[in-house]
Amino acid sequence: MKLSEVAKITGGKLVGKDVDVSNFCSNSKECSKGSLFFALKGAKRDGHEFIEEVYEKNGYAVSEHEIPFSPYVKVQSTIRALTTLAFEKIKDSLRIAVTGSCGKTTTKEIISHLLEKHGAVCKSVGNFNTDVGISLSILNDPQKNPSYAIFEIGARFPGDVEQLSTIFKPHISIITFVGSSHSMYIDPLKEKSSIVKQTEKFVLYDGNDNLKKVLMEKGRVLRKHVDSFKYKELKTIVKVSGEDYALNGIWGEGQIKDLEFALTLMDELGMSWDLNDLRNFSFLKGRMNIKYLNKNIIIDDTYNASLESLINAAQVAFKLKGKNVIWVLAPMEEIEVDGLSKRLLHIKDEFSPKAIFTVGRLFYPFGESYSLERLNNVVKDGDIILVKGSRIYTLGKIVEEIEGAL
């Protein structure tokens, strides 16, 4: 893309010569030769402060001000320019948005995997689910004219879902689940269901009665495809229509539900699907990653935490090893639930791990403070170690520490 095209699409003004842009960024540290940097205004810093660094790296900028560098594109609003440019790329694509309290990323990844047989797919990267993250994912995606654009929509504050769906205008939306995530700041039901206002065709959901009342005629309930599933040698064997399929990794109830959303969507679109196409599918880092460590197994589910995702991970560990499971837990953040301590105690009693260690601030009404020495004192051959919690506690380092010790 040339700077002149950026200026035309965003309603900006090109200052200086017209040049080709190689990639797009909003973090000056990630810029390189040919990068187009959007000088966004954040809560703490203004991206315009870092424009000089961008030009030192032979990049270019989209700025709201005149700057002593050239070439650049001057616009009224850099964030509006970024989202406008991104939408222009996918305006002719079938746009699919995924929101929900958990399962967004895995659902999006499964759908993307299945859609690739039917055409070019553009998707948001990892958990990039904000206006900036979605836009940069779209712009940096190698597909130039995607048939399908699939992106997840996150919500930390009231109005986020409606704002993002207004920008990216989904034809189809999926609400994976309405649960406790971010309940400290938002009403999860009200927030997630607001996506229906900007969804053109229909919204897939799990049959939640409260969602049904809001979605009304646009609501479509996911359908059951998986008859049963079991584990064998760290693979998940799912039975669909009487036939067994082997999927990489250990899929819990939550991940099977994500799969059901993907298959239901394919059915709604009238597209064929084959579970053999998922043989090489794998979960992203920090999401139910399971590894053998000599005579032990570690479950790395450290990307995020909620009551629902803890239950899912604990259930998987219990099915694999019964009570020969050790939990290493960090707090759940941004959660406000009535009777939280009582519900956590119920989860502990239901799965009865042999030991529980905690990291970070006091949150759980059980367990003792984690140290590798304490863990080593209780772990036995054949035990599973489940490491779970919000990513701000950098539990990945603890996973690495445990891997190095066992």
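The values are calculated or read from the model by the stated rules, or taken from the named source; none is laboratory data. The model shown is predicted, which means the values in this text are computed figures rather than measured ones. Ideal geometry is used to build each Cβ from the backbone, glycine not excepted, and the neighbour counts take in all protein chains shown.
Tabulated results
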| read-out | value |
| --- | --- |
| Residues located in the stretch 216-225, provided they are touching a residue at least 24 places away in the same chain (Cβ under 8 Å) and either more than 23 Å from the chain's Cα centre (by Cα) or assigned to a loop (DSSP other than H, G, I, E, B) (or both) | 222, 223, 224, 225 |
| Odd one out for residue 259 among (1) assigned by TED's automatic domain parsing to the domain that holds residue 202; (2) part of a loop (DSSP other than H, G, I, E, B); (3) crowded, with 18+ Cβ neighbours inside 10 Å | (2) |
| Matching entry among 24, 69 (being touching a helix residue (DSSP H, G or I) at 6+ places or on another chain (Cβ under 7 Å), assigned to a loop (DSSP other than H, G, I, E, B) and not assigned by TED's automatic domain parsing to the domain that holds residue 270) | 69 |
| Given (1) under 27 Å from residue 227 (Cβ atoms); (2) buried (at least 22 other Cβ atoms within 10 Å of the Cβ), index of the condition residue 326 fails | (1) |
| The stretch 243-277: number of residues that are within 19 Å of residue 177 (Cβ to Cβ) and of a type in the set (S, T, N, Q) | 2 |
| Matching residues, the stretch 306-328, being out of contact with any Leu (no Cβ under 8 Å at 6 or more places or on another chain), outside any helix (DSSP H, G or I) and in contact (Cβ under 8 Å) with a residue 60 or more places away in the chain | 306, 324 |
| Members of the stretch 192-215 that are surrounded by 18 or more Cβ atoms within 10 Å (Cβ to Cβ) and either assigned to a strand (DSSP E or B) or at positive phi (or both) | 202, 203, 204, 205 |
| Count of residues meeting criterion [in contact with a Pro (Cβ under 9 Å, 6 or more places away or on another chain) and closer than 21 Å to residue 100 by Cβ] in the stretch 308-332 | 1 |
| In the stretch 339-364, the residues that are over 26 Å from the mean Cα position of the chain (by Cα) and of a type in the set (D, E, K, R) | 342, 348, 349, 350, 354 |
| Cβ pairs under 6 Å, 6+ apart, first in the stretch 146-167 and assigned by TED's automatic domain parsing to the domain that holds residue 118 and over 12 Å from residue 131 (Cβ atoms), second surrounded by fewer than 17 Cβ atoms within 10 Å (Cβ to Cβ) and of a type in the set (Ser, Thr, Tyr) | 157/185 |
| Matching residues in the stretch 203-236 - criterion: being among the basic types (Lys, Arg) and out of contact with any Ser or Thr (no Cβ under 6 Å at 6 or more places or on another chain) | 212, 213, 218, 220, 224, 230, 232, 235 |
| Filtered residue count, the stretch 117-143, keeping only those that are within 19 Å of residue 175 (Cα to Cα) and of a type in the set (Ser, Thr, Tyr) | 2 |
| Residue that is nearest to residue 340 (Cα to Cα) [pool: residues in the stretch 369-406 that are out of contact with any Lys or Arg (no Cβ under 7 Å at 6 or more places or on another chain) and part of a strand (DSSP E or B)] | 388 |
| Any chance residue 144 is closer than 30 Å to residue 16 by Cβ, at pLDDT below 95 and not polar (S, T, N, Q) | yes |
| Candidates 387, 379, 399 - the one that is more than 18 Å from residue 324 (Cβ to Cβ) and either modelled with pLDDT of 95 or more or among the β-branched types (Val, Ile, Thr) (or both) | 399 |
| Index of the failed condition, residue 108 passing every other in (1) surrounded by fewer than 23 Cβ atoms within 10 Å (Cβ to Cβ); (2) part of a helix (DSSP H, G or I) | (1) |
| Members of the stretch 79-134 found to be among the small types (Gly, Ala, Ser), over 20 Å from residue 38 (Cα atoms) and in contact with a Gly (Cβ under 7 Å, 6 or more places away or on another chain), listed by number | 101, 103 |
| Selection within the stretch 126-183 - surrounded by fewer than 22 Cβ atoms within 10 Å (Cβ to Cβ), part of a helix (DSSP H, G or I) and not hydrophobic (A, V, I, L, M, F, W, C) | 131, 133, 137, 140, 160, 162, 163, 165, 166 |
| Candidate set: the stretch 229-239, residues that are under 26 Å from the mean Cα position of the chain (by Cα) and part of a strand (DSSP E or B); chosen: the one nearest to residue 253 (Cα to Cα) | 229 |
